[in-house]
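The values are calculated or read from the model by the stated rules, or taken from the named source; none is laboratory data. Computed from a predicted structure; not experimentally measured. Note that each Cβ is placed from the backbone with ideal geometry, even for glycine, and that neighbours are counted across all protein chains shown.
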Amino acid sequence: MLKDITFGQYYENDSFVHKLDPRTKMLLLIAVIVFIFVSQNAVALSLVALLILFSVLLSKVPLKMYFKNLKAVFPIIIFTMIINLFYNASGDVLVSFWKLSITTGSLYRAFYMAARILLLIIASAELTYTTTPNDLTDAIEKLLSPLKFIGLKNAVHTLAMMMTIALRFIPTLIEETQKIMNAQKARGADLESGKLIDRIKALIPILIPLLISSVRRAYELAEAMECRCYNGGEGRQRMKQLKYHSNDFIAFAVVVVVCATVVAVNMIL
Amino acid sequence: MDNIIEVKNITFEYEDSDQKDTVLKDFSLNIKRGSFTVILGHNGSGKSTLAKLLNGLYKVTDGEILVDGISTSDEEHEIEIKRRVGLVFQNPDNQLVASIVEEDVAFGPENLGHAPDVIRAEVDEALKSVGMYEFRKSTPHRLSGGQKQRIAIAGIIAMKPDCIVLDEPTAMLDPKGRAEIISTIKKLNRENGITIVLITHFMEEAVDADRVIVMDSGKIVADSTPKDIFSNIKLLKEVGLDVPQTTELLYRLKSGGMNITTDVISIEESAQKIYDAIHLEEI
């Protein structure tokens, strides 16, 4: 059922990675992504790859789930490999036809690029597997909070509030969409067959009631929030406080060491 | 007992289009501290508007509403008035803000800027008082309508209000959810001493109230005890209220010439009443 949808792809478990502060995970993901691109040779990249692999094993999320994620981006990886295969012309020519040729350099380049994309996907997936959307929202709010010093005080709070409300209403709206679809089907609406244009047209009687009811919901929610003394971010306190633990510092240390090694390897090789 | 809310000769008009729509005119009402008041009325009787006026969500066009002596038009005390008079709405889905129960309940105290550990205590206490403590880590969309509405009530209780106004809190619920809400409200009134103003169009919910007010087109047409109101079925029907089946039966028996009163609601009491009446006639 649509109702049981879990958004994001949080995989409940109790691992070292799960228990890290969401801010730590987010910052480390950014660092790892940067260093995937900073790595200029296979040795440096495999260092980053080892770090990612190590954290994946630590997360205790079944590898099957990562493969499932990769399947979706497989066409992009293949496409990138093909482009790179003919683009770089260094090294010995292996195969050559028409004006195109595959060289050792281009072959190396193709696999190198594919590895980069793979690592990107795996690292980002790990964050969503091990962190709930709510924690991610809290982390974004906290990480962006320095922005309030440059006059964006309310913007950070508003963004976080919007994300919280969006997460809260996704299942409600999915349920509502299902109800409207059923109501329209009961009146003989044909949603599944016909040409693409017909099917898009058939969506209009679903989207319009959905839009109208969302506006009504928004209005009622605004009143309810006002009744609960909501007054923007001014003077607002949070019940849940994020706190760094010793594990977070260990994780930071490990990633810093690996990143430093990557820089060193880049310079030496 | 003193009055927690004093409504003094208020007038309220909607001004969203060219024409002015007067909902309430020269309307007065006092709510006693610690009381359980039910306001009965059909759609369009002005009862929902009254609810939104009581905590200052809407501002009166004329007259004055005092909450503990503070006017709801007083901009300076706007937040404090909303804290003292909590408002619960009809649709539980449209009142919940966060996707985790305890975080939603924390929303009110968070806005009031309480310290994190104080909020924690307020949230736990509020959840316990509505019997939803074991669901604190759950997500609202997996709960039933009655449970969601109890969370909405907990969200108000967490702000430690003196009075809760509930605007048709059971209208969208099934009978089970309705019973849950009514017993929660009664408990809050008796055990926590919170003043309750319950706005509804279900007569049954007024049985245990201290006072029942019947409203029709912006006016109070009756204001008395539940027993008194329920014996006046003709009036209730005139203002378009749904009368419970048992009361309806008693009413018809009465108008058919049986010597019977219509001031009970429960099936058992009604059965006893009919039995007694038949018995009496036989003698």
Here the qualifying pairs (Cβ atoms under 9 Å; residues six or more apart or on different chains; first in segment A:136-152 and assigned by TED's automatic domain parsing to the domain that holds residue A:164 and part of a helix (DSSP H, G or I); second at pLDDT below 85 and among the polar types (S, T, N, Q)) come out as A:148/A:154
Picking from A:65, A:81, the residue that is closer than 30 Å to residue A:138 by Cβ and either in contact (Cβ under 8 Å) with a residue 12 or more places away in the chain or loosely packed, with under 14 Cβ neighbours inside 10 Å (or both) would be A:65
Residue B:178 fails exactly one of (1) more than 26 Å from residue A:163 (Cα to Cα); (2) surrounded by fewer than 21 Cβ atoms within 10 Å (Cβ to Cβ); (3) more than 9 Å from chain A (Cβ to nearest Cβ), namely (2)
Restricting segment B:87-102 to residues that are more than 7 Å from every other protein chain (Cβ to nearest Cβ) and not hydrophobic (A, V, I, L, M, F, W, C), the one farthest from residue B:58 (Cα to Cα) turns out to be B:102
Note on segment A:35-49: residues part of a helix (DSSP H, G or I) and in contact (Cβ under 8 Å) with a residue 12 or more places away in the chain are A:35, A:36, A:37, A:38, A:42, A:43, A:44, A:45, A:47, A:48, A:49
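Could you say whether any residue in segment B:208-224 is within 14 Å of chain A (Cβ to nearest Cβ) and part of a strand (DSSP E or B)?
Our first condition is that a residue be within 14 Å of chain A (Cβ to nearest Cβ); within segment B:208-224, this holds for none.
Checked segment B:208-224: no residue is within 14 Å of chain A (Cβ to nearest Cβ) and part of a strand (DSSP E or B).
Quick check on segment B:53-66. Is at least one of its residues assigned to a helix (DSSP H, G or I) and more than 10 Å from chain A (Cβ to nearest Cβ)? It would help to see each step written out before you state the result.
Kept after step one, since they are assigned to a helix (DSSP H, G or I), are these residues of segment B:53-66: B:53-54.
Checking which are more than 10 Å from chain A (Cβ to nearest Cβ) leaves us with B:53-54.
Yes: segment B:53-66 contains one or more residues that are assigned to a helix (DSSP H, G or I) and more than 10 Å from chain A (Cβ to nearest Cβ).
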Note on segment B:169-201: residues under 24 Å from residue B:68 (Cα atoms) and under 14 Å from the mean Cα position of the chain (by Cα) are B:185, B:186, B:187, B:188, B:189, B:194, B:195, B:196, B:197, B:198, B:199
For residue B:79, the lone unmet condition from (1) assigned to a helix (DSSP H, G or I); (2) within 7 Å of another protein chain (Cβ to nearest Cβ); (3) in contact with a Gly (Cβ under 8 Å, 6 or more places away or on another chain); (4) of a type outside the set (D, E, K, R) is (3)
Restricting segment A:150-181 to residues that are within 25 Å of the chain's Cα centre (by Cα) and of a type in the set (Gly, Ala, Ser), the one farthest from the other protein chains (Cβ to nearest Cβ) turns out to be A:155
Of the residues in segment B:202-212, those that are crowded, with 20+ Cβ neighbours inside 10 Å and closer than 14 Å to residue B:166 by Cβ number 3
Of the residues in segment A:182-231 that are at the interface with chain B (Cβ under 9 Å from one of its Cβ atoms) and not in a helix (DSSP H, G or I), the one that is surrounded by the fewest Cβ atoms within 10 Å (Cβ to Cβ) is A:231
